[in-house]
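K.L.:
Quick one: this structure, given as structure tokens, is what I'll be asking you about.
The values are calculated or read from the model by the stated rules, or taken from the named source; none is laboratory data. Nothing here was measured: the structure is a model prediction, and the numbers come from that model. Counting neighbours? That spans all protein chains shown, and the Cβs are built from the backbone with ideal geometry, glycine included. For accessibility, only protein heavy atoms count, side chains too; no ligands or nucleic acids. Shrake-Rupley method; radii C 1.70, N 1.55, O 1.52, S 1.80 Å.
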Amino acid sequence: MALFYDGGGHLQREQRDWDSDVTARLAEEDWRSFRVTAGMMRRPDVVMRRTAGLLRRQGFPMVGF
């Protein structure tokens, strides 16, 4: 699993294109990816729940989430 934090710089066209390419290459290798934005970080409980769910689905036991 790949977890990304996309700050304000990821709004630029060139960076978005790069990010999309990285996501596509990871998917080709059967990786799961989750991109978190500054707006999403206003709800850290939701980010943690989603991250824990992705990890559980990949077979990682989670404690404390």
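K.L.:
Based on what the data block shows, is Phe60 exposed (fewer than 11 other Cβ atoms within 10 Å of the Cβ) and within 12 Å of Met1 (Cα to Cα)?
P.N.:
Judged against the criteria, Phe60 is a match.
K.L.:
Pick from region 12-53 the residues that are in a helix (DSSP H, G or I) and touching a strand residue (DSSP E or B) at 6+ places or on another chain (Cβ under 6 Å): which of them is farthest from Ala2 (Cα to Cα)?
P.N.:
Val47
K.L.:
Now, a different point. What are the residue pairs meeting all of these: first residue in region 50-63, first residue touching a residue at least 12 places away in the same chain (Cβ under 8 Å), second residue open to solvent by less than 40 Å² (accessible area, probe 1.4 Å), Cβ atoms under 7 Å, and 6 or more apart or on different chains?
P.N.:
Pairs found: Arg50/Phe34; Thr51/Phe34; Leu54/Phe34.
K.L.:
So, in region 1-44, of the ones that are more than 21 Å from Gly59 (Cβ to Cβ) and of a type in the set (S, T, N, Q), which residue ends up most open to solvent (accessible area, probe 1.4 Å)?
P.N.:
Gln12
K.L.:
Also, quick follow-up: What number of residues in region 27-65 are among the polar types (S, T, N, Q) and touching a helix residue (DSSP H, G or I) at 6+ places or on another chain (Cβ under 7 Å)?
P.N.:
Number of matching residues: 1.
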